[in-house]
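Okay, handing you the structure first.
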């Protein structure tokens, strides 16, 4: 597998006589790819039906002529002003009933079929014009689905689309009423057109109503993406990509990814630490200029799976961003470390965002590889260093993983609808489990909820899965390693009801969750062997063997040699203890890594990533502060 670097570039932002100089400098920096076009609709079609492709033609010729491969983006994340005038009802509506306005980006409603047709139209025109252009080596569809909370819209278009979706799914109002339990609080409907969207209710809306709307909204993202993918495939053989984001669970990435060739994502480690991750003030201060040691790796592993083995980073943070509550600069070395961590997790390409810092508009405080005056920014030299190192390091894919984590977007929607605890969130629980595997020094794969074969792994974790799919349930019945299911797994039906008999329904095991507790941060349930459960605890009954207990004698883990149920949410040290003990049973070698140090094996090398501000020595290897080190595997 060839590793390559790239950059995001906006020729429409710069004088045309600057393009050739920029392209030459990109090549001199060791960059292979350049992404363009994804925000350029107003320059492509300044008025309806009037196209001005000449500037884009010349930009493609200049960049491609310099030796760069081009990723051409469809511009559908930024419809121009005339589009809103043409389709005034295309604007999304927030949960408070306020329409979004023109003046930034992502100002469209996925449910609006008129706008979806406009997107199909511009994608087809672009496909016909550039589909066989030798410089166009990949396509990006749209940009960052759900950025700025744009998956869910409470518009008239969404309401009408949702009603039709419900009619197709349930066929009759009576069937829907039974499935949702609408006899409760007299919520029964006589027709589908009576059903509104689940917002602005006096108290919480019915949970299956919320879950259904989330499923519908995710389906609209999938359909929106597929319209453009189908058009582009008719005109181009170049791979199709979307750039997903970090910690976004509002639509099913597995289903969107089924229509694409490569999954990419936009990696902003420092912005995410400040904006999207929990942590004590001390933890956030310790990693202020490096990012969370597991956040990037989690998404590399997730999107490698979403991309069916093909992963890119479409936007890599090079310096301070503009959108987080606070925006410190990365430590020297981090732009290099983040790129190599992506490569070690199987990334084919890492593209820095952006080439030159913009001196105007909303992102003018977002750093690039160049300053606004075109002088080198600090990350430029690190990109050049990575390019040189790529040339010297043999190509190698990421190594086979010993452990796997099942991740399910529908479960995230279910627990968002019914958290039962102020701090319960599917992502947090899955990320906690992933972190325990990483701290043990294991390679990890992330698997979809309908995975049918687990035979490649020795250890599988499936936390917070609302309902086990039939393929996964069957795979667990055949599994010869150890699978740890739960907490809060397989305890609800597809409609978020409590099943009878009580779940979980684990093959060959008699275990039932009979009572559930959510706990405030100050509370904890101690275990007999040390450690605690926090946030969440389930009371278990059944004839399956009890493998661990709480201090009060209640089951903490029940199960068999190969399949087990975890009754609570372990704190980090307890999760580490459980993973270590389980791996010892399996004969898997683990290690308790120092805080901030992570490892990843490729086919040929072991990589060490030091997220701390001081050098670390581990097993005779010294890794510099904010640095990466690799050694051949023996």
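No lab work stands behind these numbers, since they all come straight from the coordinates. Predicted, not measured: the structure shown is a model, and the values here were computed from it. Heads up, the Cβs are rebuilt from the backbone with ideal geometry, glycines too, and the neighbour counts pull from every protein chain shown.
For the chain, give me the percentage of DSSP beta bridges that are antiparallel, rounded to the nearest 5 percent.
Just about 45 percent of them are antiparallel.
Please give the peptides 104-110, 76-82 ranked by average Cβ packing (other Cβ atoms within 10 Å per residue), highest first, as a rough proxy for protection.
104-110, 76-82
Can you give the helix-only mean residue ellipticity at 222 nm for the chain, where every DSSP H stretch with n ≥ 4 adds -39500 (n - 2.57) and the sum goes over all residues, rounded to the nearest 500 deg cm²/dmol?
Theoretical 222 nm ellipticity from helices: -10000 deg cm²/dmol.
Right, next: What's the center-to-center distance, using Cα atoms, between the range 285-329 and the range 347-423 in Å?
4
Further, regarding this structure: Roughly how large, in nm² to one decimal, is the mean projection of the convex hull of the alpha-carbon atoms in the range 464-581?
If you wrap the Cα atoms of the range 464-581 in a convex hull and average its projections, you get 7.3 nm².
Turning to a different aspect of this structure: Could you give the distance between the Cα centres of the range 560-600 and the range 164-185, to the whole Å?
When both Cα centres are located, 43 Å separates them.
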